[in-house]
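Here is the structure we will look at.
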Amino acid sequence: MPTITPAFADVTASDSTLRRFLHGLPGVDAVGLEARAASLGTRSIKTTAKAYAIDLAISMIDLTTLEGADTPGKVRALAAKALRPDPTDRTTPATAAVCVYPDMAETAAAALAGSDVKVASVATAFPAGRASLAVKLADTRDAVAAGADEIDMVIDRGAFLAGHYLKVYEEIRAVKEAAGAARLKVIFETGELSTYDNIRRASWLGMIAGADFIKTSTGKVGVNATPANTLLMLEAVRDFRAQTGVQIGVKPAGGIRTSKDAVKFLVLVNETVGEDWLDNHWFRFGASSLLNDLLMQRQKLSTGRYSGPDYVTVD
């Protein structure tokens, strides 16, 4: 199994010790959290900074297709868009990754071969996570064998909400081992966790268990990434690094559709954890439609004209 951070060996010794630790975390001031997130979201930035932010946001996108109707052709087209988001402008950065189901990982890997764009694959019976551990591990190993550089796993929210924290912890560790060299993003489905206290507990649980990234959502429920829940997770990774020296990435996913939204999230990152996280190795957007709006805003900044949606490809 993956090694346990020495500082948390005692914490994970039993269900009771893990519960004691997680419930001993400071309670979240919901009003204060939402007020700070809203305040940071109102900050304006200069045109030069906006151009930088748009390019940075493009480079942080996990360009995603997770539909039952996905085909190899659609995945190859998405990979082409990830490599050259704007074919008319070679200065446009590539996206960070293409995110697909495990059965499409091989197609994505072939299309992205030789590039820096990663293949991310959802696994562990995404999005519900309702499967045995054996199935979840097989799902993970299949995705990695097919060429996935990154695994996006979902936690067992039922076990978490029932207080079976050690079960969730052990599943994350097992998936981490099955993923091998692939980076592991742990999805909490924050919209189903009900409280900010639960989101804080899930964040620490995921980090202690070996997550390389903590991720808000699958994008398949009504409430996905919000400034407040992302701010809370950013505070968690900041505090975790201060305590352990280990840096963990953050990925908000679902519902981030406009350049204005993306810039607000980048402000949250800058003001909460600083420049160390302003890189696609440490911060990602899980999105499908966001890229088109970023490209339209980028074109407007460079030409002074708003081209409109007819000038970008439909994902």
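Charge dipole (Cα centre; +1 on Lys/Arg Cβ, -1 on Asp/Glu Cβ; no other charges) of the range 107-224 amounts to roughly 180 debye.
Measuring with a 1.4 angstrom probe and ignoring ligands and nucleic acids, LYS220 comes out at about 90 Å² accessible. Based on the Cβ-Cβ distance from ARG130 to ARG84, what FRET efficiency comes out when R0 is 45 Å, to the nearest 0.05? That pair, ARG130 with ARG84, gives E of 0.75. Considering helices alone, the calculated mean residue ellipticity of the chain at 222 nm is -14500 deg cm²/dmol, with DSSP H runs of length four and up weighted by -39500 (n - 2.57) and normalised per residue.
The H on the amide N of LYS220, modeled in the peptide plane, is under 5 Å from the matching H of no residue at least 5 residues off or on a different chain. Lys-Lys pairs in the range 47-191 that are eight or more residues apart or on separate chains and whose Cα atoms lie under 15 Å of each other come to 7. Site pair ARG257 and THR195 shows an inter-label distance of 3.2 nm when each label is modelled 7 Å from Cα along Cα→Cβ. Judged by the gyration tensor of its Cα atoms, with axes a ≥ b ≥ c, the range 1-128 is oblate; a/c meets the 1.5 cut and b/c is at least as large as a/b. Can you match Rg and Dmax of the Cα atoms in Å to one of these, (1) 21.0, 68; (2) 20.2, 69; (3) 19.0, 60, based on a calculation from the structure here? Entry (3). Dipole size of the range 1-142 about its Cα centre, with +1 on Lys/Arg Cβ and -1 on Asp/Glu Cβ: approximately 300 debye, rounded to the nearest 20. Each of SER194, MET207, LEU294 was placed along the dipole of the range 166-315 (beta-carbon charges, centred on the mean Cα), and the one lying farthest toward the positive end is LEU294.
The phi torsions of the range 84-94, fed into the Karplus equation with coefficients 6.51, -1.76 and 1.60 and a -60° offset, translate into couplings of 9, x, 10, x, 8, 9, 6, 7, 5, x, 6 Hz, rounded to whole numbers, with Gly and Pro shown as x. Which of the aspartates and glutamates could a cross-linker bridge to LYS260, judged by Cα under 16 Å and excluding same-chain residues fewer than eight apart? Cross-link targets: ASP55, ASP293. Shown for the chain: the carbon plus sulfur share of the solvent-accessible area, taken with all protein chains present and a 1.4 angstrom probe, equals 52%. From the Cα gyration tensor of the range 129-288, with a ≥ b ≥ c the square roots of its eigenvalues, which class applies: rounded if a/c is under 1.5, or else prolate if a/b is larger than b/c, or else oblate? It is rounded, given that a/c, with a ≥ b ≥ c, falls under 1.5. Between ALA49, GLY129, THR92, the Cα set farthest toward the positive side of the dipole of the range 1-150 (charges on each charged residue's Cβ, about the Cα centre) is that of ALA49. Peptides 120-129, 79-88 ranked from most to least packed by the mean count of surrounding Cβ atoms within 10 Å: 120-129, 79-88. The figure for ASP279 is an accessible area of roughly 70 square angstrom, using a 1.4 Å probe on the protein chains alone. Length available on full extension from LEU278 to LEU301: 0.36 nm per residue minus the Cα-Cα distance, which gives 6.1 nm.
For ASP152, nonlocal amide neighbours, meaning residues 5 or more places apart or on other chains whose placed amide H falls under 5 Å from its own, are SER121, VAL122, ALA123, LYS185.
The values are calculated or read from the model by the stated rules, or taken from the named source; none is laboratory data. A quick note: this is a predicted structure, and the numbers were derived from the prediction, not measured. Neighbour counts run over all protein chains shown; Cβ positions are idealised from the backbone, glycine included. Please note that ligands, DNA and RNA were not included when accessible areas were found on the heavy atoms of the full protein model with its side chains. Shrake-Rupley method; radii C 1.70, N 1.55, O 1.52, S 1.80 Å.
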